[in-house]
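The values are calculated or read from the model by the stated rules, or taken from the named source; none is laboratory data. In this text the structure is predicted, and so the values were computed from the model without any measurement. Neighbour counts run over all protein chains shown; Cβ positions are idealised from the backbone, glycine included. Surface accessibility is based on the protein's heavy atoms, side chains included, excluding ligands, DNA and RNA. Shrake-Rupley method; radii C 1.70, N 1.55, O 1.52, S 1.80 Å.
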Amino acid sequence: MRKLRAWFRRLAAMRNKRQSEHDLSVELESHLEMHIEDNLRAGMTPDEARRQALIKLGGVEQVKESYRERRSVPVLETLVQDLRYALRMLRRNPGFTSVAVLSLALGIGANALVFSVINALLLRPLPVENPDQLVFLENKSFNSQSFPNYRDLRDRNKTFSGMVGYRLAPMELESANGATRIWGLLATGNYFDVLGVHPAIGRFFHQADDLHPRESPYAVLSYNSWRGRFGGDPAIVGKTVRINRLPYTVLGVAPPDFHGTELWYWPEVWVPMMMEPQIENYSGTGWLDNRSTWDTWVLGRLKPGVSRAEALANLNTIAAELAREHPDNNEGLQFKLAKPGLAGDYFGGPAKAFTLGVLGLAALVLLAACANLASLLTARAADRQREIAIRLSIGAKRGRVVRQVLTETLVLSLAGGAAGYGLAFLLSEALTRWRAPMDFPVQFNVNPDWRVFLFALAVSIAAAALFGSAPAWRASRTDVNAVLKGGAASWGRSRLAFRDVLVVVQVALCFVLVAACLLSLRGLQQTLKMRLGFEPRDVSVVAFDLGLAGYSDEKGRLFQQRALEAVQQLPGVRVAAYSNSVPLSIDQSSTSVVAADKPAPRPSDSMSAHYYQVSPGYFETLGTRLLAGRDFTWHDDADSPRVAIVNVAFARQVLHCENAVGKRFRSGLSGPLADVIGMVEDGKYESLTESQTPALFWPILQSYNSTTTLEVRSSLAAAEMVGLMRQAVRRLDPELPLYETGSLDQMLGFAFFPTRAAAIALSAFGVLAIMLAVTGIHGLVSYAVARRVREIGIRVAVGARPAQVLRLVLGRVMTLIAIGSVIGLALALAAGQVLASVVYGASARDALTLAVVVATVALLGLLSSWGPTRRALRIDPVLALRYE
Amino acid sequence: MGERPDVWQGTLALMVLKTLEAMGPLHGYGIARRIELTSGNQLLINYGTLYPALLKLEQEGYIASEWGLSDNKRKAKYYRLTRAGRKQLEREARQWEQATAIVARFLAPEER
């Protein structure tokens, strides 16, 4: 107890130091006086009296020192002292401090931002109960299951306490502002209960509400939707909303931070799965009982204590049963488990690869910043050798000096880290608010939480350790005698100084980053130039969904044709057509096909192909080349033989021939035969990075689809054209919601987005690296020149020509840059794989680009050295010899 | 000037407390002289070691200090025993007596 009290007194005593020192001085002075008086009385001379008193006391300074050690907490005091000193030093060199803090802020901020994204995508748990018990079900071929399969899995498993199925579903919602197409989620009744989410207001639907098709017209709104579209109406519960022109009752509102179980998709409304027939309105496919459509995403909650391995084994047992019972559809079924949130491995895999790749690059930028700082600090440490030597000579312990240098670097690093974290915070807020340029609710919440903060802190400290250890070590090794005697050491000719290593490291890193930047930009360029299989320029589109708007097949067909006719009348229109969708948009469908020559086809014989339902004139409108055969005509309708047009990949991979015209195939294992009447060029259908995939085109008159995209190739500007198209459609049905309107170029933003994003990120890193390298090399050369002013002055006085001075100053720097470039080149070639995973189309074997990088780095080196070199050339020998 | 071993520090503290108990409030020099005297000039302590010891006692709350005037009208810091200090003194004195009794028994076993 007393000890504790003593400690508190010691801590408190750190404040009024001056008063305490004064008191002690007075006390000791009075002590001495009293003692001297006694000594005088005892008969000593005044001098002797004083001397004896001092000896007996034991030396005033020593007493004071041991008093001070006990008075407060010395360690803390020295720390505070070091901090004050460090701040003073940093304030005295504002140029250095701002450059250092800026480089660190950029390096640490970049890392914090990338980690924030990684945190949001891979680390942060879903806002549900016990999120680590949730797993996402995938199988070998797809990341989704058929609905009947889901039902069997749910009922037969022994290892899950609950299993939910859900499906992304576009819907037409009527609110006060009219009808719009929104994105929602069809979810099985147990969805909210299994996840363990509680409503913000009202209630959710439960399993009992989701038993029979078409009998559960309920809706649960998302919090954002409630506030945005319904104005946060407090009486929303129980109200009726019209979805797809049918009444649904609002049961409740989800909590504000719940956005479903997919991180990238924020639905506005949840509807029980049994309402699927009304929501999707595909005529009579009986999707709920169809084992050959694999569109249900399945999530399960493990029973407590059950491991993933056990659950997987159980699921695969059921898979074997299902394969036996329904061999047509489930042959070879095998399941895998994945982490929920990123559509299993569909996004999860690429997301991981991409973000880790980017984190690697960010780490390189930070390394470059640290190398920069280390060299600057080492240079400064060399300047302070004298100061340190003096301090050591009057009795400072080496440990104390090292501690002081480390404190300085830590202060710098934490300042940079704080600035970097702030930067990352702002940028991640902007990123969260950003909506992708498409009509799809992609949104990410990348706001930083405590994990990101800790990461930033850890990185700051690590950075401090990295760039601070060199100057600290140097300080501890100061040879007091040498320094005090002869002045600072000069930059030796043959010794490989630590600073030289740093320059090489910096140049290498800069090289790698600039190479990454340029190679990726080139990759992007390639991507943009690649053959899409159609010409998006000058094409405008308007999309609508007749099924959601309640049109029957008959009425829908009529509407489509009238819409086409209306649009063909518009000025400037060269050709027009309509289809269910366009390539590279969000809505892509595929089916399994099998060549007709197989009499009894099995699932393993079939291949997957993209399909589109198109009107006559589609290929001309989109600019897809017809290579053989003919286009559809208006005579290819329900009464004529079934026909199709395929692409070259289809011909080669499914039909095993070069010209598909005249061949036949089956869609689905037991579907009707179709004749191929034409062949078009290959193209990209789902993503820019796919290899050649088969695609087939049905005539829309034989294969109706209520989802419609009207395409028009015209000479008018897209904005104007789209406006006219909207008017035309509006005249036919004023209440029909239109979406995805714009030029086809704009619509493709979705497809190009990942590559563009990657290129932007890499360019940013490249620029950062260049900035860091330039400041680093500039600082170094300036320093070198400053150090050798005397030497240069002498040489000039003795007759050296400018060229020789130049060689003196630049020679070493250029050698170092060359070495750094070679190392950087080797690294860039080695890292080619990593780059390819980040940016499609980028390859490290691009000789032209690498040559450009070499030239760039060399140029940078020259530019950064230019200033100090000019100064070196202008050195006046007379002044130089007087220097120092 | 390094730290003295704890035993020495402990006895110094005890001597200070005892001195203050016997003499009442006293300044640092006076305490030092008194200790020297009482020990029969056997302990030629360095007066300087007294001040850190006084500080420690004050931090622990066993003594309290205040400024006053000495005999010859000089400003001096006077220390006095607190109640806690008094209790601590009794405790420590008792411990010392017990310790010396046990050791004495060991050192003179023949005395029955």
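Below are the figures for this structure:
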read-out	value
Average beta carbon contacts from partner chains per residue of A:28-39, 10 Å cutoff	5
Test item: A:57-66 mean partner chain Cβ contacts at 10 Å	5
Computed accessible area, A:Thr378, all protein chains, 1.4 angstrom probe, square angstrom	0
Within the range A:311-408: Cβ-based charge dipole about Cα centre, in debye rounded to nearest 20 (Lys, Arg +1; Asp, Glu -1)	1320
Set of lysines with alpha-carbon distance to B:Lys77 below 27 Å, sequence-local pairs under 8 removed	A:Lys3, A:Lys17, A:Lys56, A:Lys64, B:Lys18, B:Lys56, B:Lys87
Carbon + sulfur, % of accessible area of the protein assembly as shown - ligands and nucleic acids excluded, 1.4 Å	58
Shape category assigned to the range A:276-407 from the gyration tensor of Cα positions, a/c cut at 1.5	prolate
Between A and B, accessible area buried - total, square angstrom, nearest 100, 1.4 angstrom probe	2700
Rounded to 10°, Cα long-axis angle of helix A:46-57 versus longest principal axis of chain A	30
Listed residue (A:Leu359, A:Val654, A:Trp434) projecting farthest to the positive dipole end of chain A, Cβ model	A:Leu359
Placed amide H near A:Thr741: partners under 5 Å, 5+ positions off or other chain	A:Ala543
The protein assembly as shown - Kirkwood radius from inverse mean 1/r over Cα pairs (Å)	36.3
Relative contact order, percent, the range A:5-100 [alpha-carbon distance under 8 Å, six or more residues apart]	34
Chain A: calculated mean residue ellipticity at 222 nm from DSSP helix runs of at least 4, using -39500 (n - 2.57)	-17500 deg cm²/dmol
Crossing angle, helix A:94-118 versus chain A [Cα axis fit, 0-90 degrees, rounded to tens]	30
Helix A:847-873 vs. chain A, principal-axis angle (Cα, 0 to 90°, nearest 10)	30
Nearest-0.05 FRET efficiency for A:Arg435 and A:Ser604, computed from C-beta distance (R0 51 Å)	0.75
Cα gyration tensor shape for the range A:243-307, rounded if a/c is under 1.5, else prolate or oblate	oblate
Cross-link pairs beyond the 22 Å C-alpha cut-off, checked among A:Lys140/A:Lys352; A:Lys303/A:Lys336; A:Lys397/A:Lys485; A:Lys158/A:Lys352	A:Lys158/A:Lys352
Other protein chain Cβ atoms within 10 Å, averaged over every residue that makes up B:49-62	6
Cβ crowding within 10 Å averaged over residues, with A:1-10, A:781-790 ranked highest first	A:781-790, A:1-10
Residue among A:Ser144, A:Gly793, A:Ala563 farthest towards the positive dipole end of chain A, charges placed on Cβ	A:Gly793
Surface per residue (accessible, 1.4 Å probe) for the range A:1-67, Å²	65
Whole-Hz ³J(HN,Hα) from phi, Karplus 6.51 cos²θ - 1.76 cosθ + 1.60, for the range A:20-34, glycine and proline x	5, 4, 4, 4, 5, 4, 4, 5, 5, 4, 5, 4, 4, 4, 4
Heavy-atom accessible area ranking, 1.4 Å probe, most first, across A:Asp155, B:Asp71	B:Asp71, A:Asp155
Cα centre as origin, Lys/Arg/Asp/Glu Cβ charges: the protein assembly as shown dipole, Debye	5700
Cα gyration tensor shape for the range A:744-783, rounded if a/c is under 1.5, else prolate or oblate	prolate
A:Tyr265, A:Tyr218, ranked by accessible area, largest first (probe 1.4 Å)	A:Tyr218, A:Tyr265
Protection proxy ranking of A:402-411, A:735-744, A:630-639 - average other beta-carbon atoms within 10 Å, highest first	A:402-411, A:735-744, A:630-639
Dipole magnitude of the range A:136-179 about its Cα centre (Cβ charges: Lys, Arg +1; Asp, Glu -1), debye to nearest 20	340
Most positive-pole-ward Cα, A:Tyr783, A:Pro754, A:Gly742, against dipole of the range A:729-872 from beta carbon charges	A:Tyr783
Residues whose placed amide H lies under 5 Å from that of A:Tyr611, excluding near-sequence neighbours	A:Ser589, A:Ser590, A:Thr591, A:Leu696
Amide hydrogen neighbours beyond the local backbone of A:Lys336, cut-off 5 Å, H modeled	A:Glu138, A:Asn139
